[in-house]
Amino acid sequence: MTLGKDPQDSLATEKTAKLTIPFSFKAQGSVRPFGLLVHVTRLAVLNTLATLTVAWLPTTDKTITSSNGTDLFKASHGKIRGVNLGSQFVFEPWIATKAWSELGCEGQESEFDCVMKLGQDAANKAFAKHWDSWITKEDIKEIRSYGLNTIRIPVGYWMNEDLIYHDSEYFPHGGFAYLEKLCGWASDAGLYIIIDLHGAPGAQVAKNAFTG
C-alpha cells in the first residue's frame, strides 16, 4: 500500500512510503504506564494494510519502524489531526437517522436486518447509492482545507465477500470498490488513511454488527 503525500510538507509532491505486511513497531526510551498512546489498526481479512496512527508518543526517542525498516513516525511532523467517516461503510443508525430511513431501513436495527427486509438486489442498489453520496470527493477536499491530515474509515469484515455465507449472512455487496475510490481521493488530497476494522465476525451487542 502506498501512502499519500506528507500533509506537513508543502513541497512533497512525490513523497510516498511503501509498507509491507507483516509489520512491527518499537518505541525506544522510557515510557510511563498508559503514556504510550499508539493506535494500530490492521485489516487482515481484507488483506490490506492500515496506516499506523500515533496521536501522541511521550518517549525520549520516538522511533517506530516497519519490518522493512521504514520509519513510520517522525516526531517533527506533529500530531495526527483527523476525522472519522462514520456510517460510510459500517452504518450506525444513531449517527444518521434520516439517511437510514432513506435507505429503506427505518425500524431495522442493523444492515443485516435491512438487507433481509429489502432483499439482496434492492439492498445492493440502495447501499451503492449511499456509498456514492454520503462522502464525496468534495467532502475530502473540504476536510483537507480545514487543516486536517488524516481520515479514519470504519469497515466491516463482510466487505470481503469471500468471508461471508451468502445463504445465511445478509450484508450489502459491492462496498470494496467504493472504498478503493474513497482512498484514492484521500491520497490525492494528501491525507493519511486509517482503515479501521470496526465490524469483526461476531458482535459484542446482539444485532449491532459494528461492535464486533
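Considering segment 133-162 alone, what residues qualify as being within 30 Å of LYS117 (Cα to Cα), surrounded by fewer than 13 Cβ atoms within 10 Å (Cβ to Cβ) and of a type outside the set (S, T, N, Q)? Within segment 133-162, ASP162 is the sole residue that qualifies.
Checked against the criteria, GLY190 counts as out of contact with any strand residue (DSSP E or B) (no Cβ under 7 Å at 6 or more places or on another chain) and surrounded by 17 or more Cβ atoms within 10 Å (Cβ to Cβ). Within segment 57-96, how many residues are at pLDDT below 75, in a loop (DSSP other than H, G, I, E, B) and of a type in the set (D, E, K, R)? So the count comes out to 2.
Consider only pairs whose beta carbons are under 7 Å apart and that are at least six residues apart or on different chains; among these, list those whose first residue lies in segment 145-163 and is of a type in the set (Ser, Thr, Tyr) and whose second residue is in a helix (DSSP H, G or I). Short answer, once both residue conditions are applied: TYR157/LEU163.
The values are calculated or read from the model by the stated rules, or taken from the named source; none is laboratory data. All values derive from a computational prediction rather than experimental measurement. Cβ atoms come from the backbone with ideal geometry, glycine included; neighbour counts cover every protein chain shown.
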